[in-house]
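See below for the structure under consideration.
Just so it is clear, none of the values below were taken in a lab; they were calculated from the coordinates. Source: prediction; values computed, not measured. Backbone-built Cβ (ideal geometry, glycine too); neighbour counts: all protein chains shown.
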Amino acid sequence: MTDVRSFVVLLAAMTVALPARFACAQEAGIAEFDPAFLPGTSAMTIDLSRYSRGNPVTPGTYVTEVWVNGEWRSRRTLRFAGQGGAVDAWPCLSADDLTDLGIDIPFSVTTGTECVPLADRLPQATTRFDVGEQRLDIEVPQATLSHRSRQAVAPDRWDEGVPSAQMAWHGNMHRASGRRRRMTSHYLSTETGANAGSWRLRLAGSYSPVGYRRRHLYVERPHAAWGAQWRAGEFAFADDTFQPQRVRGVALWTDPRMADDGSAGDMPIVRGVARTHSVVRITQGDIVLRELSVPPGPFLIDDLQGAGHGGDIQVTIEAGDGQHTVYRVPYFPMPERLREGRTTYAVAALQPAGAPGSAAFAHAVWRHGFAHGTTILAGTRVGSKASSFVVGAIWDTLLGAFAADVMHDGPRSRGRGRRARLRYGRRWRAGSTLSLGLLRAPEGERRLDAAVGHPLGGDRGDLSIRSAYTVSGRTSSATVDHALTWNRSWRRASVDVAWRASRSRARMAASNASRVNPISASQVSGSSRATLATRASSTSSSQVASNVSWRERKL
């Protein structure tokens, strides 16, 4: 009964505190209570300062619901401790606790073992514990959160799958008719394989009028700890640096499917700083990719899965005080570019297949993504009869994306000399794209490519125009190619209509011109795909060709 009476007296004292002192305290966010209003001779000895900032947290162990930046994370038992003259106890959060809650921590935090306020370890971090609700709210700058993609699957949940076998086949019949003759050909290709644990066996080949020809035969195994694939046998080895080649040997290369973000391609990264609690809206064209609330401090958003081909990113920060900040993040997808912090590699010991007596060679390529959309690459192929080295860079700017690389062939190489390549790409808000490529190869060969694409809007499809100009240094001949393509899709069906023209001219020879007008239609149903294509060409000997193919995959 005495405890209840004391509690009532304390509440009365809090409600009748001195008006002037209470008003001043409200302006500072602090309430001060005068013990003179409490009854009894011992009232002046009661310390009420611990209630100036609300209900204090006393040291002890609490079962709490933990929220981080307004999102529930877990329910756990935490110890609260206080030192010196601290009014409130603070939660003791270890490095493992912070990692489990999805907060990235610097090395200095992992080495500390003492219980200190979170703000002493992570700047701008705050904690607030509601004793009545048993709820702990942790607020940290959004950039401090772990940025594992929501689409990614944790490595401890990966599964090798069940033992299985598979078979796929592709049949093709081609018929062409001209002024003097007709020709019909048949073609059948097969792909078979077996899975046992982490091992994969693959065999593929094709049947044609000249007989059976094997395309590849290899065994492979993933290496999860390295995020890579290992393969041995006969297969086609290709990357974006050197020419693809059919080889025999052993290769190890980074598998992008094992990346932390669960994405095989590059995605834009949005950075910024919020002055107050703000709403960040990220748009691409007229599409909103993300909208989220962030606390004060730096933020980083790197899981924009739908931004693969959309062009530049627009970021709008709506602060709590009503101010708006808008800026643009350049983005154009380049095949070889990597997102910041990612590294890929490929190493192999190979020998060209189908060429008896050919020399073996070693292959190594390294790429790394840096800040501001920059990627650096370096690679080499070294053998007893040939050697090549390549260096290059890709970078994104407000004017578009640029890529440049230089390859040098050693003195023992057949294509002796230096090759330089420059590419440029840009996408506008309306969806139009521009791609340019310039190649200068050994012996004076040059090539210029240009492509423009534009969506027609609605259900009218997409239109693209491509042109290529090639000059051969050996024969001093020039070739010009043009292509105009229109395509449209309806659910699982698609139609492509194209017009292509080519003109070549060699020194001391007459020029040749040709036109090709192909039309193709395809439909996908489950694991099957049917394609019908026709082609009409105009050359010195005109012909009309039709092609029917069917592809099916069974497990």
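Amide H contacts of Leu463 (H built 1.01 Å from N, in plane; Pro and chain starts excluded): His454, Leu456 sit under 5 Å, all sequence-distant by 5 or more or on other chains.
Among Val247, Val270, Val210, Val406, which comes first, second and so on when ranked by fewest other beta-carbon atoms within 10 Å?
Val210, Val406, Val270, Val247
Residue order for Leu456, Leu145, fewest other beta carbons within 10 angstrom first, comes to Leu456, Leu145. Extending 7 Å from Cα along the Cβ direction at Arg257 and again at Thr325 yields two label points whose distance is 4.1 nm. The fraction of all Cα pairs in the range 371-457 landing in successive 5 Å bins from 0 to the largest distance is 3, 13, 18, 17, 17, 12, 9, 6, 3, 1, 0, 0, given as whole percents. Distance between the modelled labels on Arg76 and Ser146, one decimal in nanometres: 1.0 nm (7 Å Cα→Cβ projection). Ordered by the count of other Cβ atoms within 10 Å of each Cβ, fewest first, His186, His170 give His186, His170. The protection proxy used here, the mean number of other Cβ atoms lying within 10 Å of each residue, ranks peptides 314-323, 375-384 as follows, highest first: 375-384, 314-323. Inverting the pair-averaged 1/r between distinct Cα atoms of the range 218-280 gives 14.9 Å as its Kirkwood hydrodynamic radius.
Within the range 376-404, name every residue whose backbone N is under 18 Å away from a label modeled 7 Å from Cα of Leu439 along the Cβ vector. Answer for this model: 388-393, 403-404. Using the Cβ-Cβ distance between Glu291 and Ala168 with R0 = 45 Å, the FRET efficiency computed as 1/(1 + (r/R0)^6) comes to roughly 0.60.
Order of 72-82, 392-402 by packing, highest average Cβ count within 10 Å first? Display every interim value, and only then the final one.
On the way: 72-82: 13.9, 392-402: 16.9.
Output ranking for 72-82, 392-402: 392-402, 72-82.
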